[in-house]
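Asker: Quick one: structure below, then a few questions.
Please treat every number below as a calculation from the coordinates, not as lab data. Small disclaimer: the values here were computed from a predicted structure and weren't measured. Positions of Cβ are backbone-derived with ideal geometry, glycine not excepted, and every protein chain shown enters the neighbour counts.
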Amino acid sequence: MSDNDSFDHNSDDVAVAVQEKKPLLKRPPLYKVLLLNDDFTPMDFVVDILTHFFHMKHEKAVTVMLEVHTDGKGVCGMFSKEIAETKVHLVNEYSREHNHPLLCSMEKS
Ligand code: TYC
C-alpha cells in the first residue's frame, strides 16, 4: 500500500481502504542546452555567449568554456523545451552573424 492510501470507517466501523487518485499532471521534461567544441571559435566569444545568453558569472563561464574545449561538449543549463529551443536558435544565429562555427544543441535530460 502506498503513502497515498488511508483508512476510512463506515457506519458499522468497518475499515475500508481508500486510495487517492494519482495526480493528473506530470512535470514537463527538462532539456540540456549544450555547447560543442570546434577549433575556430575564439575562447572569449564562447565566454561572452555563456555570460550573456546563460547569465553565468565570468568565472563560471570560463570554467564551462574550458570544459567544452577539453571534453568536446558541455552543459550551459537546463530548460523547458520551448526555452531550450529559443536559446539554441539565438546562440546559433548570433554565432553565424559573427562568422563563428560555434554549435549549440539540446538533448532531453
Ligand atoms: N576550441 C576553441 C579554441 O581553441 C574554443 C572553444 C571552446 C570553441 C568552446 C567552442 O564551444 C566551444 N579556440
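Asker: Could you list, in sequence order, the residues of segment 64-78 that are surrounded by 15 or more Cβ atoms within 10 Å (Cβ to Cβ) and over 18 Å from the mean Cα position of the chain (by Cα)?
Answerer: So in segment 64-78, the residues surrounded by 15 or more Cβ atoms within 10 Å (Cβ to Cβ) come out as 64-65, 67-69, 74-77.
Of everything in segment 64-78, just one residue is surrounded by 15 or more Cβ atoms within 10 Å (Cβ to Cβ) and over 18 Å from the mean Cα position of the chain (by Cα), namely His69.
Asker: Residues of segment 25-61 being within 12 Å of the ligand (Cβ to nearest atom), in a helix (DSSP H, G or I) and out of contact with any Cys (no Cβ under 7 Å at 6 or more places or on another chain), which ones?
Answerer: Met43, Asp44, Phe45, Val46, Val47, Asp48, Ile49, Ala61
Asker: While we're here: Within segment 14-24, restricting attention to residues that are part of a strand (DSSP E or B) and in contact (Cβ under 8 Å) with a residue 12 or more places away in the chain, which residue is nearest to the ligand (Cβ to nearest atom)? Write out each step before concluding.
Answerer: Initial filter on segment 14-24 (part of a strand (DSSP E or B)): 15-19.
Right, trim to in contact (Cβ under 8 Å) with a residue 12 or more places away in the chain and you get 17-19.
Numbers: Ala17: 56, Val18: 55, Gln19: 50 Å.
By that ranking, first place goes to Gln19.
Asker: Return the residue satisfying two criteria in turn: it lies in segment 71-92 and is under 16 Å from Leu102 (Cβ atoms) and of a type in the set (Val, Ile, Thr), and of such residues it is nearest to the ligand (Cβ to nearest atom).
Answerer: Here the residue is Val91.
Asker: Quick one: count up the residues across segment 79-105 that are surrounded by fewer than 18 Cβ atoms within 10 Å (Cβ to Cβ) and touching a helix residue (DSSP H, G or I) at 6+ places or on another chain (Cβ under 9 Å). Break it down stepwise before answering.
Answerer: First, pick out the residues of segment 79-105 that are surrounded by fewer than 18 Cβ atoms within 10 Å (Cβ to Cβ): 80-83, 85-86, 89-90, 92-94, 96-101, 103, 105.
Restricting the remaining residues to those that are touching a helix residue (DSSP H, G or I) at 6+ places or on another chain (Cβ under 9 Å) gives 94, 98, 100-101, 103, 105.
Total meeting the criteria: 6.
Asker: On to the next question. Restricting attention to segment 32-48, does a residue exist that is within 20 Å of the chain's Cα centre (by Cα) and of a type in the set (Ser, Thr, Tyr)? Before the answer, list the steps.
Answerer: Step one: list which residues in segment 32-48 are within 20 Å of the chain's Cα centre (by Cα), which gives 32-37, 46-48.
In the following step, the residues that additionally are of a type in the set (Ser, Thr, Tyr) were identified as none.
No, segment 32-48 contains no residue that is within 20 Å of the chain's Cα centre (by Cα) and of a type in the set (Ser, Thr, Tyr).
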